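Trainee: Please find one structure pasted underneath; my questions will follow.
The values are calculated or read from the model by the stated rules, or taken from the named source; none is laboratory data. Because the structure is predicted, anything quoted here is derived from the model rather than measured. Virtual Cβ from ideal backbone geometry, glycine too; neighbours counted across all protein chains shown. Side chains included, ligands, DNA and RNA excluded: accessible areas come from the protein's heavy atoms. Shrake-Rupley method; radii C 1.70, N 1.55, O 1.52, S 1.80 Å.
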Amino acid sequence: MADDRAGGAPRCGFVAILGAPNVGKSTLLNRLVGTKVSIVTSKVQTTRRRILGITVKGAAQLVFVDTPGIFTPRPGRPLEQAMVRAAWRAVEDADRGLLVVDSRRGLDRDTRLILDGMRERGLARSIVALNKLDLVAPPATLPLIRELDRSGLFERVFIVSALTGDGCDDLLQALLEDLPEGPWLFPEDQLSDLSQRAMAAEITREKLFSQLHQELPYSLTVETENWTASPDGAEVRIDQTIYVQRPSQKAIVLGKGGRQIKAVGEAARHELEAMLGVRVHLFLFVKVRARWTEDPERYRELGIEFPS
Ligand SMILES: Nc1nc2c(ncn2[C@@H]2O[C@H](COP(=O)(O)OP(=O)(O)OP(=O)(O)O)[C@@H](O)[C@H]2O)c(=O)[nH]1
Ligand SMILES: [Mg+2]
């Protein structure tokens, strides 16, 4: 890859993508990296951990950090507290913050909370991406841009649609140009820091989030227990456990005659096969663990710290 780096001294840096739940952070990460590294659903609080998405352009390696949406956690919900804490920590560790705002929602309570948090932490030089441009008329974003400008926290504002890709090239270019000089921190072909096992669990969780309703997705977590490739490498058997909190939830996840879990398994298997390029045999088991959200072991599997 010597040719690729011929553009000058190597540069590398971390950009943390932060914002309120559901504003499109993970969609934007996937768009900027050019491949799916973080799951996306129409529901809030999809992302639960810090996830790296890495992209290389010429001499530059840009490491994006996807974070859980930042909101006021409800008292007594340790998972929510851990998610919000993981998000702030990722932002504090990064070279730069990229705040994503939903152009339609504007500066709602959650986003104002984030602006306050950025001020408290002395985070400046951040960039804003006003997302979901495809859903608003551009002039409607002007008051929003003025207000973000007045906050003094941001160097630049970009108007983008992570869904269609509009404006995303300009944003990426600006972030690349700004990277500090320094050696690359990851191998050049690495796209993410999630192991295949963890990504496989995330994919199943995405399908559960999409197919189940109301509060149920927030009551479950998925872990990959076993991953066995066939000797010729053409097939893989993956066993996963879905932890729920109550027997009634287990019944819903299974569905009548096992129909629900079958549909989830089918959707997850399709995506895993496309991702891995091999035949996948996916086995899903549902276990009731009333207090899994208070079990540090489950947090370790999730890649976040148990709130102490
Ligand atoms: N119309 C439109 N929808 C978008 C855009 N970007 C994201 N979405 C949708 O917004 C929803 C939330 O997207 P995510 O990427 O999961 O949002 P997030 O900010 O990562 O959400 P959390 O992880 O829950 O905090 C999904 O239904 C996306 O398809 C966009 O530019 N335009
Ligand atoms: Mg997300």
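Trainee: Which residue fluctuates the most in the chain, going by a Gaussian network model with Cα springs under 10 Å, if the choices are 21, 73, 139?
Mentor: 139
Trainee: Could you work out the local net charge near residue 240, counting Lys and Arg as +1, Asp and Glu as -1, over the other residues with Cβ closer than 10 Å to its Cβ?
Mentor: Working: positive: 197, 205; negative: 223, 225, 239.
Local charge sum for residue 240: -1.
Trainee: For a quick check: with amide H placed at 1.01 Å from N, whose amide H comes under 5 Å from residue 166's, ignoring anything fewer than 5 positions away on the same chain?
Mentor: 161
Trainee: Residue by residue, what Karplus-based ³J(HN,Hα) values in Hz, rounded to whole numbers, does region 153-161 have, using 6.51, -1.76 and 1.60 with θ = phi - 60° and x for Gly and Pro?
Mentor: 8, 10, 7, 8, 10, 10, 10, 9, 10
Trainee: For region 167-300, give the magnitude of the charge dipole about the Cα centre (Cβ charges: +1 Lys/Arg, -1 Asp/Glu; no others), in debye to the nearest 20.
Mentor: Once rounded to the nearest 20, the dipole reads 1460 debye.
Trainee: In addition: If you count only protein heavy atoms and use a 1.4 Å probe, how large is the accessible surface of residue 54, to the nearest 10 Å²?
Mentor: Here the residue's solvent-accessible area equals roughly 0 Å².
Trainee: A further question follows. Applying the Karplus parametrisation 6.51 cos²θ - 1.76 cosθ + 1.60 with θ = phi - 60° to the phi angles of region 168-183, what ³J(HN,Hα) value in whole Hz is obtained for each residue in order, glycine and proline being reported as x?
Mentor: Using θ = phi - 60°, the values come out as 6, 5, 4, 4, 4, 4, 5, 5, 5, 5, 8, 5, x, 5, x, x Hz.
Trainee: Taking all protein chains together and a probe of 1.4 Å, list 155, 273, 297 from the most accessible to the least accessible.
Mentor: 155, 297, 273
Trainee: How big is the charge dipole of the chain about its Cα centre, in debye rounded to the nearest 20, if each Lys and Arg gets +1 on its Cβ and each Asp and Glu gets -1 on its Cβ?
Mentor: 1320 debye
Trainee: Could you state the angle between the C-alpha long axis of helix 196-211 and the longest principal axis of the C-alpha atoms of the chain, as a value from 0 to 90 degrees rounded to the nearest 10?
Mentor: Rounded to the nearest ten degrees, it is 80.
Trainee: Here's another thing I want to ask about it. Search the structure for amide H atoms under 5 Å from the amide H of residue 11, placed 1.01 Å from N in the peptide plane, and list their residues when 5 or more places away or on another chain.
Mentor: Counting only residues 5 or more places away or on other chains, the set is 60, 61, 182.
Trainee: Averaged per residue, what accessible area in Å² does the chain show with a 1.4 Å probe, protein chains only? Let's see the in-between values first.
Mentor: Details: 14410 Å² over 308 residues.
Here the per-residue accessible area is 47 Å².
Trainee: May I ask you to give the percent of accessible area on the chain that is carbon plus sulfur, with a probe radius of 1.4 Å?
Mentor: Here it works out to 50 percent.
Trainee: Between residue 191 and residue 119, how many nm apart are label points set 7 Å from Cα along the C-beta direction?
Mentor: Label-label distance for residue 191 and residue 119, simple model: 4.1 nm.
Trainee: Hey, what number do you get for the chain at 222 nm if only DSSP H runs of n ≥ 4 count, each worth -39500 (n - 2.57), divided across all residues, to the nearest 500?
Mentor: Result for the chain, helices only: -10500 deg cm²/dmol.
Trainee: Could you tell me the calculated FRET efficiency between residue 259 and residue 74, based on Cβ-Cβ distance and R0 = 25 angstrom, to the nearest 0.05?
Mentor: Once the sixth-power term is evaluated, E becomes 0.20.
Trainee: Taking θ = phi - 60°, what integer Hz values does the Karplus form 6.51 cos²θ - 1.76 cosθ + 1.60 yield along region 281-286, in sequence order, with x for Gly and Pro?
Mentor: Values per residue, Gly and Pro as x: 10, 10, 10, 10, 10, 10 Hz.
Trainee: Which FRET efficiency value, to the nearest 0.05, do you get for residue 239 and residue 215 by plugging their Cβ-Cβ distance into 1/(1 + (r/R0)^6) with R0 = 35 Å? It would help to have the intermediate numbers written out before the result.
Mentor: Values: r = 27 Å, r/R0 = 0.76.
In this case the efficiency is close to 0.85.
Trainee: Counting pairwise Cα distances across the chain, what percent come out greater than 31 angstrom?
Mentor: Counting every Cα pair in the chain, those more than 31 Å apart make up 34 percent.
Trainee: Considering only protein heavy atoms, what is the solvent-accessible area of residue 161 at a probe of 1.4 Å, reported in Å² to the nearest 10?
Mentor: Roll a 1.4 Å probe over it and residue 161 shows about 0 Å².
Trainee: When all protein chains stay in place, what accessible area (Å², nearest 10, 1.4 Å probe) is found for residue 104?
Mentor: Residue 104 has an accessible surface of roughly 140 Å² with all protein chains in place.
Trainee: Long-range amide H contacts for residue 225: which residues qualify at under 5 Å (H placed 1.01 Å from N, peptide plane, sequence gap of 5 or more or a different chain)?
Mentor: Amide H neighbours of residue 225, under 5 Å, 5+ apart: 239, 240, 241.
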